[in-house]
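Every number here is computed from the coordinates shown, using simple stated rules; none is lab data. Nothing here was measured: the structure is a model prediction, and the numbers come from that model. Positions of Cβ are backbone-derived with ideal geometry, glycine not excepted, and every protein chain shown enters the neighbour counts.
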Amino acid sequence: MNIDITSWWCDIQTKGEKMATFTSDMVSGNQSFKPFPSGNMGVRKGKITITAAPNANDVYQMVDVFAGETVHGVFLKSSDLDGGTALVWDVGDGSDADYYIDGSTCGQTGVGDETDANVIPKEYTADDTIDVTCQVAPGSDVATGTLELWIYVS
């Protein structure tokens with residue numbers, strides 16, 4: 001898998017700090033599945049193989065969302081990417097980095113996490129991506145693993 005981290009991707013800002021942005025093959029390939037306008041549900045999945053320890057504010061663009069679509073839920077699965085207990089992930093989009101999941105510790109032990117209980121489905125008026133952001137870097141780096149994200153979209 002190729003990860004594009006050229007400098008022009010690095011101008012996205014979260015919490016006022018610059019970070020690296022990594023793009024899954026699903027985002028760089030412009031996913032072809034689009035649900036029918038009658039409200040049928042579909043699932044999109046993105047996977048990134050991590051080959052270097054995550055840093056605070058790194059953004060992993062996982063899946064596309066297109067104008068007119070509604071995201072109903074997300075599921076995150078992370079390898080154990082922290083030899084300690086510090087790593088924290090957020091899942092959101094270009095306007096709210098932690099809209100779907102705020103403060104997931106699933107990367108500390110290699111488990112999954114799902115949409116926070118207080119989140120309602122979000123309709124998109126413009127194309128965007130659903131992103132995983134490293135809120136807190138690992139306490140002890142584990143340099144290889146995977147991030148996977150599934151979204152339910154209509």
Next item on the list: State whether one or more residues within region 77-98 are within 17 Å of Leu149 (Cα to Cα), touching a helix residue (DSSP H, G or I) at 6+ places or on another chain (Cβ under 9 Å), surrounded by fewer than 19 Cβ atoms within 10 Å (Cβ to Cβ) and small (Gly, Ala, Ser).
Entry: yes
Notebook entry, point to check: Pairs, please: C-beta under 7 Å, at least 6 apart or cross-chain, first residue in a strand (DSSP E or B) and in region 104-132, second of a type in the set (S, T, N, Q)?
Noted result: Asp113/Ser104; Lys122/Thr70; Glu123/Thr70; Thr129/Gln61; Asp131/Gln61
Next item on the list: Among what's in region 37-91 and is charged (D, E, K, R) and in a strand (DSSP E or B), pick the residue that is nearest to Asp116 (Cα to Cα).
Entry: Asp90
